Amino acid sequence: MAIENMHIGGAAAFADDRLDVGIPVANALIDSGKPAALFYENLAERTLALAHRELRKDPLKGYTPDLAGFVSPVLRRCVENGVPVIGNFGAANPMGAAMRLHELAKELGVKGLRVAVVEGDDLRDVIRDVGTEQWGDEEPIDLSNTEILAANAYLGAEPIADALDLEPHIVVTGRVTDSALALGPLMQHFGWKAGDWDKMAAGVLVGHLLECGGQVTGGYFADPGFKDVLDLADLGFPIAEVEADGSFVITKPDGTGGVVNEQTVKEQILYELDDPSNYLTPDVILDISEVELQQVGPDRVRVSGVKGKPAPDTLKVTVSVDGGWLGEGEISYAGPNALARARLAAEILRQRVDLLHLDCDLRTDLIGTVSIHDGDSGELTRSYDGEPLEVRVRAAANANDKATAWTVAREVQALYCNGPAGGGGVRRNITERVKTGSVLVSRRDVMPRVSMVTEEDV
């Protein structure tokens, strides 16, 4: 008997994504009547490091801050209709996220919630003791004399599939590959295993296409007059309709904005892809060199021809260490001769840093006068030959200590009375920074584990 196809929906691309877009995706999955799963991708490297900082301050925190905002709109319907929700919104504290989800279920009157938790990615306590290899050409981080904020291995899809075997309503993970959030439920549904390399690769490509949410449905694609996209304010997030042989169709919920065509799918396939024949993941090496696309209907693109190779022997680990402080300040100059006054303000800031003997790396930008294209750190923009009516000066300083960063930000505010005429609208801020790098470790040194948290455990 043929195994029924499965629908996978992606409802978030990062921790600050729209909170309401999961509703039409969840409704479409449920209304299809097909086996389905809904996933949320919330993590970036620095997002995870910041989550570890929150965990240090409060052992009950360290998960995605907007966890309730993402899950609340879809929880009841997904639980009632048997559509599991999968998310890496556990960040630095997957178990804490599970507890918060049970609190949320109680608040919403949802009974009997079952949350499976995937852990084992956090290697902070062992990273100095296991053998590590350099990641590509990246400059290695000195792990011996540096306080490690975070060290998280990219887990693959197998522990997610194992978690789904426990029949949870929600699966919470920490650091997994983005594609694993889609491949996991496909492995569990179709029974794909390591060795089914082409099918595993197809599942990775499903996840790769869905992981950035609205990008494959027209977001980050629109360019008016060249690539027009309708109704981006109501952008529909993607759904993959996957067959047992690994072929699939990318689409979106009916009645939502955006577009799915061969262009949007091609752009997302190539997103962050280095070697098209050897895209490394923990589950399989993806080869897209023979992938074929076919528009099979409005907002429906069929993808086939995915190839896979045996998975690598190592796993990537992202390590985050203290990156010092960033001090920022901005001030605006408007009216006649605004550009000259803004340039003078920026030069004064540089001179003040020298006079105060501040140990920092200072950059000044004149925002709105081709500052985006000025790649030389610390150089004032001089290529603009027009005369704008308004220019905003931005100063940013990397410093090893908080006091220096704050002094630079304060110097921007001091321009009110000590700089060119007509400055106003100052804002200033300091931010603790994180430096990240990657290493490789043997699979043998990473031990994923899965547990279930029920109402009785809270």
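Brief remarks follow.
- Flag for Ser332 being in the same structural domain as Arg363 (by TED's automatic domain parsing), surrounded by fewer than 22 Cβ atoms within 10 Å (Cβ to Cβ) and among the hydroxyl-bearing types (Ser, Thr, Tyr): yes
- Test: residue in the stretch 152-160 that is over 27 Å from Cys78 (Cβ atoms), surrounded by fewer than 24 Cβ atoms within 10 Å (Cβ to Cβ) and of a type in the set (A, V, I, L, M, F, W, C): no
- The lone criterion from (1) part of a helix (DSSP H, G or I); (2) touching a Gly at 6+ places or on another chain (Cβ under 8 Å) left unmet by Leu104 is number (2).
- Residue match in the stretch 227-234 (condition: in a strand (DSSP E or B) and either of a type outside the set (D, E, K, R) or closer than 18 Å to Lys307 by Cβ (or both)): no
- Check on Asn42, assigned to a helix (DSSP H, G or I) and assigned by TED's automatic domain parsing to the domain that holds Val79: no
- Any hit, the stretch 55-63, residues being farther than 23 Å from Val434 by Cβ, assigned by TED's automatic domain parsing to the domain that holds Gly109 and either modelled with pLDDT of 95 or more or surrounded by 21 or more Cβ atoms within 10 Å (Cβ to Cβ) (or both): no
- Contact annotation: residue pairs with Cβ atoms under 7 Å, 6 or more positions apart or on different chains, pairing a residue in the stretch 85-104 that is at positive phi and touching a residue at least 24 places away in the same chain (Cβ under 8 Å) with a partner that is of a type in the set (A, V, I, L, M) and not in a helix (DSSP H, G or I), are Ala91/Leu43.
- A single entry from Val284, Val265 fulfils the requirement of being surrounded by 14 or more Cβ atoms within 10 Å (Cβ to Cβ), in the same structural domain as Ala240 (by TED's automatic domain parsing), touching a strand residue (DSSP E or B) at 6+ places or on another chain (Cβ under 7 Å) and within 30 Å of Ser442 (Cβ to Cβ): Val284.
- Residue in the stretch 65-82 that is part of a loop (DSSP other than H, G, I, E, B), within 26 Å of Asp457 (Cβ to Cβ), in contact with a strand residue (DSSP E or B) (Cβ under 7 Å, 6 or more places away or on another chain) and not basic (Lys, Arg) present: yes
- Residues located in the stretch 341-376, provided they are in contact with a Pro (Cβ under 8 Å, 6 or more places away or on another chain), at pLDDT 90 or above and either among the acidic types (Asp, Glu) or over 20 Å from Arg428 (Cα atoms) (or both): none
- Selected residue [within 14 Å of the chain's Cα centre (by Cα) and either at pLDDT 95 or above or part of a helix (DSSP H, G or I) (or both)] from Ala49, Ala37: Ala49
- Single condition Arg410 does not satisfy, out of (1) of a type in the set (D, E, K, R); (2) touching a Leu at 6+ places or on another chain (Cβ under 9 Å); (3) part of a helix (DSSP H, G or I): (2)
- Selection of the stretch 117-134 for residues being touching a Ser or Thr at 6+ places or on another chain (Cβ under 8 Å) and free of Cβ contacts under 8 Å to residues at least 60 places away in the same chain yields only Arg128.
- Of all residues in the stretch 204-231, those being within 14 Å of Ala13 (Cβ to Cβ) and either touching a helix residue (DSSP H, G or I) at 6+ places or on another chain (Cβ under 9 Å) or of a type in the set (D, E, K, R) (or both) number 14.
- Verdict on Tyr271 being surrounded by 14 or more Cβ atoms within 10 Å (Cβ to Cβ), of a type in the set (Phe, Trp, Tyr), in the same structural domain as Leu210 (by TED's automatic domain parsing) and modelled with pLDDT of 95 or more: no
- Test result for Gly437, more than 30 Å from Trp135 (Cα to Cα) and either loosely packed, with under 13 Cβ neighbours inside 10 Å or out of contact with any His (no Cβ under 9 Å at 6 or more places or on another chain) (or both): no
- Against the list (1) of a type in the set (S, T, N, Q); (2) surrounded by fewer than 18 Cβ atoms within 10 Å (Cβ to Cβ); (3) outside the structural domain of Val229 (by TED's automatic domain parsing), the condition Ser277 fails is (3).
- Residue ID - surrounded by the most Cβ atoms within 10 Å (Cβ to Cβ), chosen from residues in the stretch 107-151 that are touching a Lys or Arg at 6+ places or on another chain (Cβ under 6 Å) and closer than 14 Å to Leu440 by Cβ: Ala151
- Some residue of the stretch 199-217 being farther than 17 Å from Tyr40 by Cα, in contact (Cβ under 8 Å) with a residue 60 or more places away in the chain and not small (Gly, Ala, Ser): yes
- Looking at the stretch 117-226, the helices (runs of 4 or more DSSP H) lying wholly inside it that each contain 2 or more residues that are out of contact with any Cys (no Cβ under 8 Å at 6 or more places or on another chain), aliphatic (A, V, I, L, M) and within 30 Å of Asp322 (Cα to Cα) sit at 180-190.
The values are calculated or read from the model by the stated rules, or taken from the named source; none is laboratory data. The model shown is predicted, which means the values in this text are computed figures rather than measured ones. Neighbour counts run over all protein chains shown; Cβ positions are idealised from the backbone, glycine included.
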